[in-house]
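The values are calculated or read from the model by the stated rules, or taken from the named source; none is laboratory data. In this text the structure is predicted, and so the values were computed from the model without any measurement. Because the Cβ atoms are built from the backbone with ideal geometry, glycine has one as well, and the counts that use them run over all protein chains shown. These accessible areas exclude ligands, DNA and RNA; they are computed on the full protein's heavy atoms, side chains included. Shrake-Rupley method; radii C 1.70, N 1.55, O 1.52, S 1.80 Å.
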Amino acid sequence: MGDKFEKVDAAQTGSTESNDARPTDSSYKNIALSKEPDITAVGAPCSNSEDILETIMRGRQSSRHSRTSGSSLDSHQTEHDNEAHDHQVPPRRTRSRPRSSSRSVRPDAIKVPRSERRGMLARFCIFAEVTEPYDYTRPKKWMITFIIACAGAVAPMGSSLILPALRDIEATFKVDETVVNLSVALYMLSMSIFPLWWSSFSETLGRRNIYLASFMLFVVFNVVSAVSTDIAMFIVMRCLSGGAAASVQAVGAGTVADIWEVKERGRAMGIFYLGPLCGPLLSPIIGGALAQSLGWRSTQWFLAIFGACLCILLVFCLPETLRRRKPMAAIAEAEVEATINDQDEKTGAGRPALTRTATKQSVRVKTRKYWVMLRRAFIDPLRIVLYLRFPAVAVCIYYSTVTFASLYVLNISVQMTFSVAPYNYSSTIVGLLYLPNSLGYFLSSIFGGRWVDAIMAREARNAGRYDENGKLMYRPEDRMRENAWIGAILWPAAIITYGWTAQYGVNTAGPMIANFFFGVGSMLIFAMATTMLTEFMPRKASNGVALNNFVRNIFSCVGTIVASPLVNAIGNGALFTIIGAVALVSGILTILAMKRFGPRWRVGMDEKMEAAMGD
């Protein structure tokens, strides 16, 4: 984005922080940690956090700031306003709002001129980009949320669209069902890995660029999948298409967090997850009808057409919501300069003539800058697995993973069980059998998010947690109340019921009713765990979502591979009894642990994360 936008954005942020005490030169260096508000202690997400390398720049180049004393106050304000932060956490906002919360009057959004909008083909976007995404009107917020939900449906839709057609693919390529299941399993594996880099790239390239680039690749890979001549070509193209569409898994939740404040985010996140969670359940219905009428290749053409339609929708209706990008080249150069200065200080090298210093420094910086850029873009994203050392993060991800992996084992079981005796249903009917799950997800998403928001507000009121402006102060562990107990008991009981009714060939209504309640209960857990994760690590929320996807999709991949052999070996009843028992124990222990240890884990978690990750 151009300089003009940075000035407008800084001016607006500055105006919202006019009531804060202006830091002095001597105290400014440490203001990030001393004034960093916890997302759980305010009514809206906030961040005064510092980027890793901007911290280095302030620490290593403080002498440069002191030489600009004539404009020191302005420079400090500019630096403060432009602090980099996690792209899911908006800058701190301290303007006073009434406690009527979501429907209070907002200031008019400051629009960015069309010529200065960020992202590919941004001038064609109907919705104007604004300097503060919170100030979008509610209809625009819901429209953006709906678009992201549709985009989020694509990746999981691709994983299950071919489920009713697996036997047709076996016949076409003359392979057994285990090999064909690899096309589903490796698709899930790519969905777990690629979001790590999509999330990293979105911080420097912006959300809009990532969405458009990934979906254009998705269209290309699905076209090649549709014309595959052997199973190896088909599996590879499926794997690449899954990785391309997986961008929304990490970046989509960030877009929702960009535009919705925390007090409204539960409902918005529930609507967003309608896409990723209904995708794998609605798509078999479409896939079954297409496979039976036009052949299995039509499923891949359908994905390509759907991806192309979404590209058009993204071009015209999705503005950039990332508040500011991180300039990778400048940050890499600053890191190299700081490292070189450290090395020179440790070796005690004397300072030569100015011109020689400038030339030598320039050569050393340029030769190392590009390596640092490559490292930051491709290697550093893998460091997010280190966040699993924090109990709150590990517990949320573990419970989400158990629930998500169970879904894909169930998907394989439905296809295997109802396409053979005693049911012997066609591909179309098998696809329709995924509809009860979808209905459960839909109802839980519509009403569950609003319910959780009400629970959080109730807990905050009962505890008397109000800030100086009279706004409620929310805490992530407040999301685990009666809703968590209902979800933790409902979906394990439902999946056990499905297993035994399916094994004994009970009337189809029996297992389908069980699947409906599985959808209701598991959706309560999905939305709750993911939203809690973003709130436990507000300044690293995008990394938290990417890590959650990484872990749960790996186990979903494993579940997809082992589901068929396990069903054949021990049957649906025993398999889903084991899964249900593990899920029930996991849910109870998770809720109890969060109730007892959640506040302790939350306090000071940001600072501990920075120390552990080397930030």
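Structural remarks
- Inter-label distance, residue 374 to residue 294: 4.3 nm, where each label sits 7 Å from its Cα along the C-beta direction.
- Unit charges on C-beta of K, R, D, E only; dipole of segment 457-613, Debye: 220
- Virtual spin-label span in nm between residue 447 and residue 426, 7 Å along Cα→Cβ: 3.5
- Entries in 540/608; 141/263; 141/595; 111/540; 141/608; 263/595 that, when Cα-Cα distance is taken, lie over 22 Å: 141/595; 111/540; 141/608
- Label-to-label distance, nm, for residues given as residue 394 and residue 316 (7 Å Cα→Cβ offset): 5.0
- Residue-level accessible surface for residue 602, protein heavy atoms, 1.4 Å, Å²: 30
- Seen from residue 529, the other residues with C-beta closer than 10 Å to its C-beta sum to a net charge of +2, counting Lys and Arg as +1 and Asp and Glu as -1.
- The distance linking segment 438-512 with segment 164-230 is 31 Å (Cα centroid to Cα centroid, whole angstrom).
- Legend: residues 482, 535, 170, sorted from most to least accessible area (1.4 Å probe; ligands, DNA and RNA excluded), read 482, 170, 535.
- Rounded to the nearest 0.05, the FRET efficiency derived from the C-beta distance between residue 229 and residue 138 at R0 = 35 Å is 0.10.
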